[in-house]
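Engineer: Have a look at this one.
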Amino acid sequence: MSNKCKQCGKCCTDLVEAAHNVLTIEDVQPWIDEGREDILAWTTPFVDEDGETLYKIWVSPKTGKQVDRCPWVRKLPNKNKYICRIHDVKPSHCRAFKPGSKVAKSIGGRCTKKTKTSRK
Ligand code: SF4
């Protein structure tokens, strides 16, 4: 089985099943430092019961509600593939996402299907 990312977009287009929808300051600080108001506009800070400031993502600036589809995922024209428009600064859980993992399986990611692998 291949665990290579097939860019199916499942992990980014159906966030209902996503394990992480809250970030800590470690993820958000680079966006603050770089003046990424476009990204920050999709976050909502709140203070948890321990007094730590956390950030809900991805919260629509228009409706104030979390969205099911990440605002940064884009389908490539004329292809059944998706890309992340904030790849270089995406949240740590997105960077740590493992194609072929349990989470990928649970959301039906294409990376969990059996594929033929060629020998080198
Ligand atoms: S930030 Fe990028 S990798 Fe993370 S869910 Fe959105 S599109 Fe996917």
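Engineer: Of all residues in the stretch 77-105 being part of a loop (DSSP other than H, G, I, E, B) and within 13 Å of the ligand (Cβ to nearest atom), which is nearest to residue 23 (Cα to Cα)?
Structural biologist: Among them, the one singled out is 91.
Engineer: Another question, then. What about residue 28, is it modelled with pLDDT of 95 or more and under 21 Å from residue 96 (Cβ atoms)?
Structural biologist: On the way: modelled with pLDDT of 95 or more: yes; under 21 Å from residue 96 (Cβ atoms): yes.
Judged against the criteria, residue 28 is a match.
Engineer: Say whether the condition of being within 12 Å of the ligand (Cβ to nearest atom), out of contact with any strand residue (DSSP E or B) (no Cβ under 7 Å at 6 or more places or on another chain) and part of a loop (DSSP other than H, G, I, E, B) is met by at least one residue in the stretch 19-34.
Structural biologist: Looking through the stretch 19-34, at least one residue is within 12 Å of the ligand (Cβ to nearest atom), out of contact with any strand residue (DSSP E or B) (no Cβ under 7 Å at 6 or more places or on another chain) and part of a loop (DSSP other than H, G, I, E, B).
Engineer: Among residues belonging to the stretch 50-76 that are outside any loop (DSSP other than H, G, I, E, B) and away from the ligand (no atom under 16 Å from the Cβ), point out the one that is surrounded by the fewest Cβ atoms within 10 Å (Cβ to Cβ).
Structural biologist: So the first thing to find is which residues in the stretch 50-76 are outside any loop (DSSP other than H, G, I, E, B), and the list is 53-56, 59, 66, 73-75.
The next check asks that each one be away from the ligand (no atom under 16 Å from the Cβ); those that pass are 53-54.
Working: 53: 11, 54: 17.
Applying the filter and picking the extreme gives 53.
Engineer: Among the residues in the stretch 44-55, are any over 15 Å from residue 25 (Cα atoms) and touching a Ser or Thr at 6+ places or on another chain (Cβ under 7 Å)?
Structural biologist: We begin by selecting, within the stretch 44-55, every residue over 15 Å from residue 25 (Cα atoms); these are 49.
Checking the rest, the ones that are also touching a Ser or Thr at 6+ places or on another chain (Cβ under 7 Å) come to none.
Scanning the stretch 44-55 turns up no residue that is over 15 Å from residue 25 (Cα atoms) and touching a Ser or Thr at 6+ places or on another chain (Cβ under 7 Å).
Engineer: For the stretch 14-37, indicate whether the set of residues that are more than 13 Å from the chain's Cα centre (by Cα), closer than 18 Å to residue 107 by Cβ and among the charged types (D, E, K, R) is non-empty. Can you show your working first?
Structural biologist: We begin by selecting, within the stretch 14-37, every residue more than 13 Å from the chain's Cα centre (by Cα); these are 24-26, 28-37.
Okay, now just the ones that are also closer than 18 Å to residue 107 by Cβ, so none.
Scanning the stretch 14-37, I find no residue that is more than 13 Å from the chain's Cα centre (by Cα), closer than 18 Å to residue 107 by Cβ and among the charged types (D, E, K, R), so the answer is no.
The values are calculated or read from the model by the stated rules, or taken from the named source; none is laboratory data. Everything numeric here is computed off the predicted structure, so don't read it as measured data. Methodologically, a virtual Cβ is constructed for each residue, glycine included, from the backbone with ideal geometry; neighbour enumeration extends over all protein chains shown.
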